[in-house]
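> Quick one: this structure, given as structure tokens, is what I'll be asking you about.
The values are calculated or read from the model by the stated rules, or taken from the named source; none is laboratory data. Everything numeric in this text was worked out from a predicted model, so none of it was measured. Here the Cβ positions follow ideal geometry from the backbone for every residue, glycine too, while neighbour counts run over all protein chains shown. For the accessible areas, the whole protein counts, side chains as well, though only heavy atoms, and no ligand, DNA or RNA atoms are used. Shrake-Rupley method; radii C 1.70, N 1.55, O 1.52, S 1.80 Å.
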Amino acid sequence: STMRTTDPLHSSTDLTEGKEKLRLKQEVGLISGVSLIAGTMIGSGIFMSPEWVLHHMGNPASSLLIWAACGLLAMFGALSYAELGTIIKESGGEYIYILRIFGSFPAFLFAYTSVILVRPAGLAAVCLSFAEYAIAPFYPGCSSPQVAIKCTAAACILILTIINCLNVRLATSVMNIFTAAKLLALLVIVVGGLVLLAKGQTQSFQNGFQGTTAGIGAVGVAFYQGLWSYDGWNNLNYVTEELKKPEVTLPRALMIAIPLVTCLYLLVNVSYLAAMTPSELLSSGAVAVTWGDKVLGSWAWLISLSVALSTFGSSNGTFFSGGRVCYIAAREGHMPDILSMAHVRRLTPSPALLFTSAMSLIMIISGSFTSIVNFFSFMAWLFYGMTISGLLYLKIKKPELPRSYKVPIIIPIIVLMAAVYLVLAPIIDQPQMEILYIVLFIFSGIIFYFPLVRFKYHPRFLRRVTLHLQLLLEVAPTARDAN
């Protein structure tokens, strides 16, 4: 690999880095596993996506069907991943599965796209929704100006970067506090909705299927917006190496967390529709705030506050677990060495975090919430489809591999069909130039793969840059076996 110049530092850091990692993530048990999945899944989506799902589907009943179908699809995807996790017991999620099944080149394309586009896009979308809720109370009765939203989102990313670069423990405690806030916010909305339904506010559900949209592209985009709220169902596969009894914990945690989140999401949507007419819901910039104004009256600010806390916590979670693919890919020689290094005293993967935040800032400046989500989902489902086809390959060609958990073959087939639909539907229905740019970007990885990874050509100036960055950021290589 490129740079191993700081050897005296290297040895001492390796020991402390190893201890720190092992101490921080001793072993993830069932409860931690459930909260890791649910905590990352419940983010900005449920507070932002309902109006867009309704917008694309055309009526309340079919939009609720989409929410239920998204939950089922996330469950099927997660169960398929659970079998993969018990065959390939390594951390790194899709990256490691694609690497072990299909080889180095597709895994590099995944890591390249994920580190430069997919993860920063996810973070940018969550921070934009945080900004929308954080400043909504300052602009009552009208939509907030885009400049204010983008500046607040950028500030959010900078604060997260500082928190995560300073101290791992600080980042984890922030995550725990904000997870409690988001569950509280959802429970308030659910209870409020049940009270309204008990009072007979059911007008939104009469003639519920009137005016349903039938276009395959519109349904595909509605799925994108709904599935964005479920994103995170595959998070436990990124930390397989740290699970207690992965063969038991992985499937069990998924079977508890995902149905729980699905039920919460459906109840929250019902609550929104009980409080607002479909047209009011469509014209709301921040659905939960409008709900709060109608139901809680003078206490409405509580909803804005808890939703802002929830989205901030979720973006912190995305940021915190984000270093995983970067770290593992650099460990396998697919990313610049500098991205796998950690700060010599603080033991945080600061180069990977700084890189992610820089890419996210570029996306915030150039895009809006819906465009980023559609663009994120297109790429995510492209790679989910590839990973699931890898599972089908192993099931058919290598049934003798030891696996403690088996998913019925029909489930990965359904997920693969859904992934193909989600990737192709928007292209067929409304071809957009952006999708062509994404595909070109993915294949632009070829330019870097052959010289830098395949033929291991490391120009001298790159080594010099790595050395200067090491000195500037005070980072050193981490122990390969620390994970």
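> Could you give the angle, 0 to 90 degrees to the nearest 10, between helix 410-429's Cα long axis and the longest principal axis of the Cα atoms of the chain?
The angle comes out at about 80 degrees.
> Shifting gears a bit: Answer with one residue from 421, 95, 410: the one whose Cα lies farthest towards the positive end of the charge dipole of the chain, charges on Cβ with Lys, Arg +1 and Asp, Glu -1.
95
> What does the highest-first list of 232-243, 38-49, 132-143 look like by mean Cβ count within 10 Å? Provide the component values of the computation, followed by the final result.
Working: 232-243: 23.1, 38-49: 26.9, 132-143: 16.3.
Descending packing order for the listed peptides: 38-49, 232-243, 132-143.
> Which three extents, in angstrom, do the Cα atoms of segment 214-294 have along their principal axes, listed largest first?
Ordered largest first, segment 214-294 gives principal extents of 49, 32, 18 Å.
> Please give the contour-minus-distance gain from residue 195 to residue 31: 0.36 nm per residue of separation, less the Cα-Cα distance, rounded to one decimal in nm. Write down the numbers at each step before the final one.
Numbers: separation 164, 0.36 × 164 = 59.04 nm, distance 3.09 nm.
Residue separation times 0.36 nm, minus the Cα-Cα distance, leaves 56.0 nm.
> Along the positive direction of the dipole of the chain (beta-carbon charges: Lys, Arg +1; Asp, Glu -1; about the Cα centre), which of 172, 437, 473 reaches farthest?
Going by the charge dipole, the pick is 473.
> Now for a separate question. Using only DSSP helix segments of four residues or longer, with each worth -39500 (n - 2.57), what per-residue ellipticity at 222 nm results for the chain after dividing by its residue count and rounding to 500?
Numbers: 19 runs with 347 residues, N = 483.
For the chain, the value works out to -24500 deg cm²/dmol.
> Also, quick follow-up: By how many degrees, between 0 and 90 and to the nearest 10, does the Cα long axis of helix 119-135 differ from the longest principal axis of the chain?
It works out to around 40 degrees.
> Once you order the gyration tensor axes a ≥ b ≥ c over the Cα atoms, which shape class does segment 250-320 get: rounded for a/c under 1.5, otherwise prolate or oblate by comparing a/b with b/c?
Oblate shape, in that a/c is at least 1.5 and b/c is the bigger or equal ratio.
> What is the diffusion coefficient of segment 215-367 in µm²/s, taking the Kirkwood radius over Cα pairs and the Stokes-Einstein relation at 4 °C with a viscosity of 1.567 mPa s? Don't skip to the answer; put the middle values down first.
Details: Rh = 19.1 Å.
It comes out at roughly 68 µm²/s.
> Sticking with this structure for a sec: What nm value, rounded to one decimal, do you get for the distance between residue 203 and residue 187 when each label is placed 7 Å out toward the C-beta?
For residue 203 paired with residue 187, the spin-label model returns 3.2 nm.
> Sort segment 47-173 into rounded, prolate or oblate with this rule: let a ≥ b ≥ c be the square roots of the eigenvalues of the Cα gyration tensor; rounded if a/c is under 1.5, and if a/c is not under 1.5, prolate when a/b is larger than b/c, oblate otherwise.
Working: a/c = 2.35, a/b = 1.31, b/c = 1.79.
Verdict is oblate for segment 47-173.
> Also: Charges on Cβ only, +1 for Lys and Arg, -1 for Asp and Glu, centred on the Cα centroid of the chain; of 237, 130, 187, which one is farthest towards the dipole's positive end?
Checked the options; the winner is 237.
> Considering only protein heavy atoms and a probe of 1.4 Å, how much of the accessible area of the chain is carbon and sulfur, as a whole percent? Walk me through the numbers before you get to the answer.
Details: 13880 of 20290 Å².
Within the chain, the accessible surface is 68 percent carbon and sulfur.
> Going by alpha carbons, how many degrees (0 to 90, nearest 10) lie between the helix axis of 7-24 and the longest principal axis of the chain?
Roughly 40 degrees, rounded to the nearest 10.
> Any idea how far apart residue 169 and residue 401 come out in nm if each label point goes 7 Å out from Cα toward Cβ?
If labels sit at residue 169 and residue 401, their model points lie 4.0 nm apart.
> Could you give the length gained on full extension between residue 282 and residue 448, defined as 0.36 nm per residue of separation minus the Cα-Cα distance, in nm?
On the way: separation 166, 0.36 × 166 = 59.76 nm, distance 4.42 nm.
The residue 282-residue 448 span can extend by a further 55.3 nm.
> Normalized C-alpha radius of gyration of segment 111-240, against 2.2 N^0.38 Å?
On the way: Rg = 19.0 Å, N = 130, 2.2 N^0.38 = 14.0 Å.
This ratio for segment 111-240 stands at 1.36.
> Run the numbers for residue 155 and residue 301: contour at 0.36 nm per residue of separation, minus the present Cα-Cα distance, in nm.
Values: separation 146, 0.36 × 146 = 52.56 nm, distance 2.13 nm.
Length difference between fully extended and current span is 50.4 nm.
> Here's another thing I want to ask about it. Residue 293: accessible area at probe 1.4 Å, nearest 10 Å²?
Rounded to the nearest 10, that gives 100 Å².
> Just need the relative contact order of the chain here, percent rounded to a whole number, with Cα pairs under 8 Å and 6+ apart.
Numbers: 709 pairs, mean separation 169.7, N = 483.
35 percent.
> Taking N as the number of residues in segment 377-449, what value does Rg over Cα atoms divided by 2.2 N^0.38 Å take?
This ratio for segment 377-449 stands at 1.37.
> Taking every pair of Cα atoms in segment 30-476, average 1/r, invert it to obtain the Kirkwood radius, and report Rg/Rh to two decimals. Write down the numbers at each step before the final one.
On the way: Rg = 21.6 Å, Rh = 22.5 Å.
My calculation of the ratio gives 0.96.
> Let me ask something else about it. Please compute, for the alpha-carbon atoms of segment 42-104, the extent along each of the three principal axes and give them in descending order in Å.
44, 21, 18
> For segment 262-335, run through the chymotrypsin sites (Phe, Trp or Tyr not before Pro) and keep only the ones in DSSP coil with at most 15 other Cβ atoms within 10 Å of their Cβ.
Numbers: sites: 265, 272, 291, 299, 301, 312, 319, 320, 327; in loops: none.
Filter output for segment 262-335: empty list.
> Here is a follow-up. Per the Cauchy relation, a quarter of the hull surface: what is the mean projected area of the convex hull of the alpha carbons in segment 295-344, in nm²? Don't skip to the end; give the middle numbers.
Working: hull surface 20.3 nm².
Approximately 5.1 nm², given one-decimal rounding.
> For the chain, what is the accessible area per residue in Å² when the probe is 1.4 Å? Working shown, then result.
Numbers: 20290 Å² over 483 residues.
I get 42 Å² per residue for this part.
> If each of residue 392 and residue 413 carries a label point 7 Å out from its Cα toward its Cβ, how far apart are those two points in nm?
About 0.9 nm separates the two model spin labels.
> OK, next. Going down the list 89/398; 89/456; 150/182; 89/244; 199/294; 89/395, which pairs span over 20 Å between their C-alpha atoms?
89/456; 150/182
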